[in-house]
Amino acid sequence: MFLKKFGFLCALLSLVMMAAFSTEASASQRFADVPATHEAYQPINYLADRGIIKGYNENGKQVFKLYNSVTRGQAAKMVVLGAGYQPLKVSQSSFVDVNPKTDPELSGFVERAASLGLFNTSNKRFNPYAPLTRGEMSMAVAKAFKLDVNKYASYPSPFCDIPTNHPYFKYINALYYNGIAQGSNGKFNPDSYLTRMQFSLLVARAMNAQFRLDVKPVTGQNPCQHQTAPERTDTIGRATVNDLNVRSAANASSSIIGKLNRGDEVYVISIDGWWAKVNYKGSVGYVHKTYLKLINQSGTAVKNRIIVIDPGHGGKDPGAVNGSYAEKRIALAVASTVKQKLERDGAVVYMTREGDTYPTLQDRVDFAQGKYAEMFVSIHVNSSSSSSAKGTETYYSITANDNELEDKALATNINNEIVKQADMVNRGVKREDYYVIRHSVFPSVLVELGFITNNEDLSKLVNSNYQEIFGNAIYQGIVNYYSN
Ligand SMILES: [Zn+2]
């Protein structure tokens, strides 16, 4: 309630300020993610000043979300307003996927854009929530701003991927020769999607010559140097989330060339840091590997996987204690067994501690990040004031993160193997916000092997044969996770 009122006040205040001061002053700090030093600061504020774009309110801050893709619906609004048109009043939409009752604003802009012929549509569908491609963009901008497309249709294309018979050729040429779009590395990438930042730059350039680019003369069209991806590789990446961006380069600000949904598979060519280079529809693309389950096509299931094992506690912190027995020693013994078995299978394994030391919880999270971990398994021993409490339980984070389904699958695989192999009572898979798993987005779980305060569990926990069994069970759980 308070926040809502506050937001309203802010809106009022900024209106008052807009009236009182120059555009420049009102524009400062409008979006937390577009500081004055940002290359797109001026064009984005130019559009915001004119009500053509809006930001999002997130945790009380206005943000623009520069790198989100722009949808066809959002693009319709921006070109209609940018070119000086108004939305139409709609009682019945021309499109079955646009509802004037639930979204009157959207349907007004879509109807106007359609009446101007700015977008191709078929089967009475506008697809307002689909991301806009660069090809679609070229026609919408060229038509809305009445660029002289026929004049530039006789000019050579500067883009190796846009032959003269390309359906968007004349629009793309008009954009190029008017200094509105440039492409990258000699390509226009007509099927790529646009970020909100990229589309804002294009609209601002179309509206105002001061934002336009220098146009370099074009002599003749060069053939494209294709970066084709190998058809098959040794590793498949299966998307663990919906709407996963496939990018043109290994960084989060490069253009989006496509999307994967949960379960979609791509061949992984190589991995560098957080980025997997993949075959996306025959071309090279890049995906953040945290959202790919990496499945080996030959060798063992864990070969090359980067796995961080975290023996709980250590050093000054013994964890749960019963007489001379301490959780920290049991955890380290079992963790070492897991490491050895995973390494035998070719995994790349790191332990957050190898001896009786005490890394802080944040140290452990940072350690895993620094190793570009693909999985994090924390090993602990339980205790209770009741000596009858016994059995194994495995935790994953209660705080929803994008990979919670993977967390749960991993927890279930590990818990089941421990219960089976060490003949433990099954206390099940549970959710709890333990620090080390809450702060890791890659699949991360925390295992409580058994109770140090229960005689039956204790006899296993401190027995080196059983420590081997616990370790083998965790290893097998990890293998099972990667195998299905
Ligand atoms: Zn513990």
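Just so you know, all these numbers are worked out from the coordinates, no wet-lab data involved. For clarity, every value in this text was computed on a predicted model and none was experimentally measured. Cβ atoms come from the backbone with ideal geometry, glycine included; neighbour counts cover every protein chain shown.
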Counting Lys and Arg as +1 and Asp and Glu as -1 over every other residue whose Cβ sits under 13 Å from the Cβ of E265, the net charge comes to +4
Pull out a ≥ b ≥ c, the square roots of the eigenvalues of the alpha-carbon gyration tensor of the range 334-426, then state rounded if a/c is under 1.5, prolate if not and a/b is larger than b/c, and oblate in the remaining case. rounded
Counting only helical runs of four or more DSSP H residues, what would the 222 nm mean residue ellipticity of the chain come to if each run contributes -39,500 (n - 2.57) and the total is spread over all its residues? -10500 deg cm²/dmol
Sequence-separation-based contact order of the range 45-143, relative, with Cα cut under 8 Å and 6+ spacing, percent: 28 percent
Among residues other than K430 whose Cβ falls under 15 Å from its Cβ, what is the net charge (Lys/Arg +1, Asp/Glu -1)? -2
Cα to Cα, under 18 Å, and not fewer than 8 places away if on the same chain: which aspartates and glutamates meet these conditions relative to K143? E111
Going by the alpha-carbon gyration tensor, a ≥ b ≥ c the square roots of its eigenvalues, is the range 306-483 rounded (a/c under 1.5) or, if a/c is not under 1.5, prolate (a/b greater than b/c) versus oblate? rounded
Simple spin-label model, 7 Å along Cα-to-Cβ: N68 to K101 in nm? 2.7 nm
How many nm separate the modelled label positions at N426 and R50, each set 7 Å beyond the Cα in the direction of the Cβ? 6.4 nm
Net charge of Cβ neighbours under 11 Å - reference R238; Lys, Arg +1; Asp, Glu -1: -1
Given a Förster distance of 60 Å, the FRET efficiency implied by the Cβ-Cβ spacing of S483 and D148, rounded to the nearest 0.05, works out to 0.50
Between the range 123-139 and the range 254-330, what is the separation of their alpha carbon centroids in Å? 35 Å
Ordered by fewest other Cβ atoms within 10 Å, a rough proxy for footprinting exposure, T453, T164, T121 read T164, T121, T453
Qualifying GluC sites (Glu not before Pro) in the range 32-130, DSSP loop, other Cβ atoms within 10 Å at most 13: E39
Karplus-derived HN-Hα couplings along the range 391-398 (A = 6.51, B = -1.76, C = 1.60, θ = phi - 60°), whole Hz, x at Gly and Pro: x, 10, 9, 10, 10, 10, 5, 7
Among V215, V445, V141, rank each residue by its count of other Cβ atoms within 10 Å, from fewest to most, as a rough exposure measure. V215, V141, V445
Please tell me the relative contact order of the range 67-211 in percent, rounded to the nearest whole number, where contacts are Cα pairs under 8 Å and at least six residues apart. 28 percent
With R₀ set to 60 angstrom, the calculated FRET efficiency between the beta-carbons of R232 and S94, to the nearest 0.05, is 0.85
Provide the FRET efficiency to the nearest 0.05 for the N455-T360 pair, computing r from the beta carbons and using R0 = 25 Å. 0.15
With the Cα gyration tensor of the chain in hand, give its eigenvalues times 5 under a square root as the equivalent ellipsoid semi-axes, listed largest first in whole angstrom. 54, 27, 19
Protection proxy (average C-beta count within 10 Å per residue), highest first, orders 241-249, 175-183 as 175-183, 241-249
With labels modelled as points extended 7 Å from the Cα through the Cβ direction, what inter-label distance (nm, one decimal) is found for S270 paired with E343? 2.6 nm
For the chain, calculate the relative contact order in percent as a whole number, restricting contacts to Cα pairs under 8 Å that are 6 or more residues apart. 10 percent
Packing-based exposure ordering (other Cβ within 10 Å, fewest first) of I53, I330, I295, I469: I295, I469, I53, I330
